[in-house]
Amino acid sequence: MRVRYSPLGQQFAHVDSVFEELRALVASGDFTLGKPVQEFEAMFASAIGVKHAIGVGSGTDAIKIPLRALGIGPGDEVITAANTFYATVGAICEVGAKPVFVDCDDTFCIDANQLEQAISPKTKALVPVHLTGDVAEMPRIMDIAKRHKLPIIEDGCQSLLGEYQGRRVGTWGNATAFSMHPLKIINVWGDAGIVVTNDDEMNRRVRLLRNHGLRNRDEMEILGYNSRLDSTQAVVGKWIVRQLPDIVAKRIENAAYFDAGFRTIPQIRVPARRAETKNVYLLYVLFARERDALLKHCIDRGIEAKVHYPIPLHLQDALKYLGYKVGDFPIAERHCREVISFPVDQHLSREEQDYVIETVREFYAGKRQ
């Protein structure tokens, strides 16, 4: 059996209605910040439960532009998680700031217990990352930010509809970034991102910054970027955002089925599932003994397992200038050695899930090539 990782072929198998709306868009010529973008932004804001949603060119830009809107730049420091995806750090560096790392814990989110000691007089913002679909300990992080008078930009790219104590990702910080890259919970036909906020001034500045800083066609208020969400992608976004609750519910259901099966395998450790969070499982990640051999075994048997992520950020060549060394973030480093990811998307069948579980079981039973 083959168990693919990406469900895109199934997700977009029946999209006649999307093509009908795209044909109407082509006839209208409304390609730039047009009506479909406004409609999608309103739908997305409603889905999260916020006042404003602003479409931008990518999830990376959805982190970068709010940082710029806060006036963060060269000489400033921004604290984030040591185990995040490259884009979080790339966005911080793009505005000229220095990323400062804090280790994660076994929820794959930033360790709030270590956060305060990383704050310095140069710290200008916190960027907690809701990695894998789980949610960072936001009440603690908000309390720390309030005491130090620091803004928060949430990186929610992997946790769309995730919650902590019933409060949704996107409703805690000054602004939150989401991505609609093809590997995210919902996606468009290329790159796109969206910023959400309840802050009217943040909304105003982000809208300026995504479109060259233009107040109108002829007046440039500030220097900005060319990072508009395309109308064509907004049409796709409108189609898929309607399915968001069902997609998330199915991922949660599939993760629970996997958890029950993998807990019967002693060499596999299922991460703690916290009662106070709603994990939406962009990634289904486990801790595994003999991880590399298990990964090869699964791939040899047609299962597209992954490792997220094999090299820690602080040891990447591009970030050597930060001066971090082996041992600085031991939990993030351990994760790089132990974690393995399996598909958990809404199109996965029970037969495929059973095959994944049994393939892992046979590996540890010694039934391998």
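With ASP218, ASP259 as the choices, which residue is of a type in the set (Asp, Glu), surrounded by fewer than 18 Cβ atoms within 10 Å (Cβ to Cβ) and either within 30 Å of SER17 (Cα to Cα) or not assigned by TED's automatic domain parsing to the domain that holds LEU67 (or both)? Step through it out loud before you land on a result.
Working: ASP218 fails: either within 30 Å of SER17 (Cα to Cα) or not assigned by TED's automatic domain parsing to the domain that holds LEU67 (or both).
The unique qualifying residue is ASP259.
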Of everything in the range 319-364 that's free of Cβ contacts under 8 Å to residues at least 60 places away in the same chain and aliphatic (A, V, I, L, M), which residue is surrounded by the most Cβ atoms within 10 Å (Cβ to Cβ)?
VAL339
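Go through the range 263-299 and give me each residue that's surrounded by fewer than 17 Cβ atoms within 10 Å (Cβ to Cβ) and either modelled with pLDDT under 95 or aliphatic (A, V, I, L, M) (or both).
Here is the first cut: in the range 263-299, the ones surrounded by fewer than 17 Cβ atoms within 10 Å (Cβ to Cβ) are 263-264, 266-267, 269, 272-276, 289-290, 292-293, 296, 299.
Passing the criteria: ALA272, ALA275, ALA293, ILE299.
If we keep just the residues of the range 67-101 that are of a type in the set (Gly, Ala, Ser) and in contact with a Leu (Cβ under 9 Å, 6 or more places away or on another chain), which is surrounded by the fewest Cβ atoms within 10 Å (Cβ to Cβ)?
Kept after step one, since they are of a type in the set (Gly, Ala, Ser), are these residues of the range 67-101: 69, 71, 73, 75, 81-82, 87, 90-91, 96-97.
Those still in the list that are in contact with a Leu (Cβ under 9 Å, 6 or more places away or on another chain) too: 69, 73, 81-82, 91, 97.
Numbers: ALA69: 27, GLY73: 12, ALA81: 29, ALA82: 26, ALA91: 28, ALA97: 22.
In this case the residue turns out to be GLY73.
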Select from the range 344-361 the residues that are out of contact with any helix residue (DSSP H, G or I) (no Cβ under 8 Å at 6 or more places or on another chain) and either assigned to a helix (DSSP H, G or I) or within 17 Å of ARG291 (Cβ to Cβ) (or both) and list them in ascending order.
GLU351, GLU352, TYR355, GLU358, ARG361
Whether any residue in the range 240-253 is under 27 Å from ALA45 (Cβ atoms), in the same structural domain as SER341 (by TED's automatic domain parsing) and small (Gly, Ala, Ser) is what I want to check.
yes
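Where in the range 227-317 are the helices (runs of 4 or more DSSP H), entirely inside, with at least 2 residues that are of a type outside the set (Gly, Ala, Ser) and within 19 Å of THR107 (Cα to Cα)?
Details: elements: 231-241, 244-262, 291-300.
In the range 227-317, the matching helices (runs of 4 or more DSSP H) lie at 244-262.
Only residues that are β-branched (Val, Ile, Thr) and closer than 26 Å to HIS212 by Cβ: list them for the range 10-66, please.
At the first step, the residues of the range 10-66 found to be β-branched (Val, Ile, Thr) are 15, 18, 26, 32, 37, 48, 50, 54, 56, 60, 63, 65.
Within the range 10-66, VAL26, THR32, VAL37, VAL50, ILE54, VAL56, THR60, ILE63, ILE65 meet the criteria.
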For the range 1-101, please list each of the helices (runs of 4 or more DSSP H) lying entirely inside it that holds at least 2 residues being small (Gly, Ala, Ser) and without any contact (Cβ under 8 Å) to a residue 24 or more places away in the chain.
16-28, 35-48
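Listed here are the residues, each with its yes/no results for (1) more than 23 Å from the chain's Cα centre (by Cα); (2) over 13 Å from ILE185 (Cβ atoms); (3) without any contact (Cβ under 8 Å) to a residue 24 or more places away in the chain.
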site: ASP259; (1), (2), (3): no, yes, yes
site: PRO266; (1), (2), (3): yes, yes, no
site: LEU282; (1), (2), (3): no, no, no
site: VAL285; (1), (2), (3): no, yes, no
Output yes when any residue across the range 136-157 is farther than 18 Å from LEU67 by Cβ, assigned by TED's automatic domain parsing to the domain that holds ASP105, buried (at least 19 other Cβ atoms within 10 Å of the Cβ) and touching a residue at least 60 places away in the same chain (Cβ under 8 Å), and no when none is.
no
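Given the options LYS64, LYS51, name the one that is surrounded by fewer than 24 Cβ atoms within 10 Å (Cβ to Cβ), touching a helix residue (DSSP H, G or I) at 6+ places or on another chain (Cβ under 7 Å) and either within 20 Å of ILE152 (Cα to Cα) or not charged (D, E, K, R) (or both). Spell out how you get there, then give the answer.
On the way: LYS64 fails: surrounded by fewer than 24 Cβ atoms within 10 Å (Cβ to Cβ).
Step by step, each of LYS64, LYS51 is checked, and only LYS51 is surrounded by fewer than 24 Cβ atoms within 10 Å (Cβ to Cβ), touching a helix residue (DSSP H, G or I) at 6+ places or on another chain (Cβ under 7 Å) and either within 20 Å of ILE152 (Cα to Cα) or not charged (D, E, K, R) (or both).
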Name the residues in the range 113-135 that are assigned to a loop (DSSP other than H, G, I, E, B) and in contact with a helix residue (DSSP H, G or I) (Cβ under 7 Å, 6 or more places away or on another chain), would you?
ILE119, PRO128
Can you give me the number of residues within the range 349-358 that are under 29 Å from the mean Cα position of the chain (by Cα) and more than 16 Å from VAL285 (Cα to Cα)?
6
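The values are calculated or read from the model by the stated rules, or taken from the named source; none is laboratory data. As the structure is a prediction and not an experimental result, all values here were calculated from the model. Note that we place each Cβ from the backbone using ideal geometry, even for glycine, and neighbour counts take in every protein chain shown.
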